[in-house]
Amino acid sequence: MTTDTLPLPTLAATGRVALVVHGGAWDIPDEEWDAHRAGVRVALAAGWEVLAAGGPAREAVCRAVQLLEDDPTFDAGRGSTLNRQGEIELDAALAIGEGAQIGAVAAIRTVAHPILAARAVLEGSEHVLLVGAGAERFAREAGLPEVDPASLLVERERRRWAALRQRPEYSTRQPFEPGGLDRPRGTVGAVARDRAGRLAAATSTGGTPGKLPGRVGDSAIPGAGTAAEEGCGAVSCTGWGEGILRVSLARRVLEGLEAGLLPPAAAGRALARLGELTGGRAGLICLDAAGRIGLAHTTPRMAWASRTEDGLPEVVPP
């Protein structure tokens with residue numbers, strides 16, 4: 001396991017403004033590493049602009065994730081992987097600490113920014129999760145433009161889909177293993193604490209290459225891939241979704257924070273348990289209620305970037 005640990009300063013009772021973004025955890029090859037680093041830096045800058053102006057954590061994480069959804073480097077929005085039938089199906093969730101609220105969408109195809117559809121569910125409905133055609137209809141009624149799914153398709157993913165059709169032995173778990181041949185790109189996410197102490201987490205994904213139509217991964221499921229709880233913390237996960245779902249990975253991180261663990265320890269313990277129970281590999285970013293950061297991954301690499309207001313530098317893995 002790799003735990004990317006940042007300095008943990010002594011904080012005032014009010015905590016600090018903080019933002020972390022990620023662009024997926026897998027065996028990112030050297031030739032694609034610079035694009036991943038650049039993408040998370042751009043997203044970090046967009047989210048930080050919101051926080052620096054005194055804006056809310058939910059707006060900061062949505063802004064950061066929107067930029068990542070637009071970047072075809074990642075498996076979210078434009079550039080998403082294709083399911084077994086050659087279709088794009090997108091999942092996303094937005095969680096905020098107040099009242100442990102969350103809005104999510106799954107298996108949608110006609111929205112360029114699924115995180116905004118998830119936000120619409122959170123802010124404009126009495127529900128937590130909408131899927132498929134119903135979620136798409138709700139997004140249109142909320143004012144989000146409808147797009148042709150073909151506009152989200154990139155040639156890289158069309159070629160991958162064609163290659164996977166020739167491999168009957170293929171498993172959707174394989175891309176997250178070391179040396180995985182299928183290059184899944186990465187689920188994206190962000191966690192933030194704003195000046196008022198509010199917490200938020202956002203996650204967006206195109207899912208696993210070659211998944212069955214209708215498959216929903218961890219990103220849209222409360223407590224699995226995305227979670228935030230007032231007075232506790234915020235978490236966004238990435239990796240092999242079936243394993244993350246089985247252990248409710250984000251919830252395990254929050255439980256560690258509730259028990260008094262610092263964020264790096266809570267992240268590491270949750271991932272260790274994932275490995276013990278399922279053999280799955282994943283990564284995650286998290287914040288505690290004071291704005292301290294935790295990052296860990298059991299994949300060879302995870303793309304991430306972070307920033308705080310107290311003089312600690314922006315950090316991106318080398």
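The values are calculated or read from the model by the stated rules, or taken from the named source; none is laboratory data. Here the structure is a predicted model, which is why all the values come from computation and not from measurement. So basically every Cβ, Gly included, is an ideal-geometry build from the backbone, and we count neighbours across all protein chains shown. When the accessible area is computed, the model is the full protein with side chains, heavy atoms only, and any ligands, DNA or RNA have been set aside. Shrake-Rupley method; radii C 1.70, N 1.55, O 1.52, S 1.80 Å.
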Can you name the residue in the stretch 293-316 that is among the charged types (D, E, K, R) and at pLDDT below 95 and is also surrounded by the most Cβ atoms within 10 Å (Cβ to Cβ) among such residues? ARG301
Yes/no for ARG159 being at pLDDT 95 or above, open to solvent by 50 Å² or more (accessible area, probe 1.4 Å) and assigned to a helix (DSSP H, G or I): no
Whichever residue in the stretch 275-292 is open to solvent by 10 Å² or more (accessible area, probe 1.4 Å) and assigned to a loop (DSSP other than H, G, I, E, B) and, among such residues, is farthest from ARG198 (Cα to Cα): GLY279
GLY239 passes all but one of (1) surrounded by fewer than 23 Cβ atoms within 10 Å (Cβ to Cβ); (2) touching a Phe, Trp or Tyr at 6+ places or on another chain (Cβ under 7 Å); which number fails? (1)
Check off (1) within 21 Å of the chain's Cα centre (by Cα); (2) modelled with pLDDT of 95 or more; (3) not in a helix (DSSP H, G or I) for ALA135 and give me the number that stays unchecked. (3)
I'd like to know if the stretch 256-274 contains one or more residues that are modelled with pLDDT under 95, basic (Lys, Arg) and either open to solvent by 10 Å² or more (accessible area, probe 1.4 Å) or closer than 27 Å to THR172 by Cα (or both). no
Mind checking which pairs have a first residue in the stretch 21-32 that is touching a residue at least 40 places away in the same chain (Cβ under 8 Å) and of a type in the set (Val, Ile, Thr) and a second that is outside any helix (DSSP H, G or I) and surrounded by fewer than 24 Cβ atoms within 10 Å (Cβ to Cβ), Cβ under 9 Å, 6 or more apart or different chains? ILE28/ARG183; ILE28/PRO300; ILE28/ARG301
Being under 15 Å from THR308 (Cα atoms) and either modelled with pLDDT of 95 or more or open to solvent by 10 Å² or more (accessible area, probe 1.4 Å) (or both), is that true of even one residue in the stretch 75-83? no
Might you check whether a residue that is touching a Gly at 6+ places or on another chain (Cβ under 6 Å), among the aliphatic types (A, V, I, L, M) and either modelled with pLDDT of 95 or more or surrounded by fewer than 19 Cβ atoms within 10 Å (Cβ to Cβ) (or both) occurs anywhere in the stretch 20-35? no
Kindly indicate whether SER248 is free of Cβ contacts under 8 Å to residues at least 40 places away in the same chain and under 16 Å from the mean Cα position of the chain (by Cα). yes
ALA303 versus (1) touching a Phe, Trp or Tyr at 6+ places or on another chain (Cβ under 9 Å); (2) over 23 Å from THR172 (Cβ atoms); (3) not acidic (Asp, Glu): which is the lone unmet condition? (2)
Give the residues of the stretch 117-132 that are surrounded by fewer than 24 Cβ atoms within 10 Å (Cβ to Cβ) and either at pLDDT below 95 or closer than 18 Å to GLN66 by Cβ (or both), sorted by residue number. ALA120, LEU122, GLU123, GLY124
Filtered residues of the stretch 39-70 (kept if open to solvent by 40 Å² or more (accessible area, probe 1.4 Å) and either of a type in the set (A, V, I, L, M) or farther than 25 Å from ALA196 by Cα (or both)): VAL42, ALA45, ALA52, ALA53, LEU67, ASP70
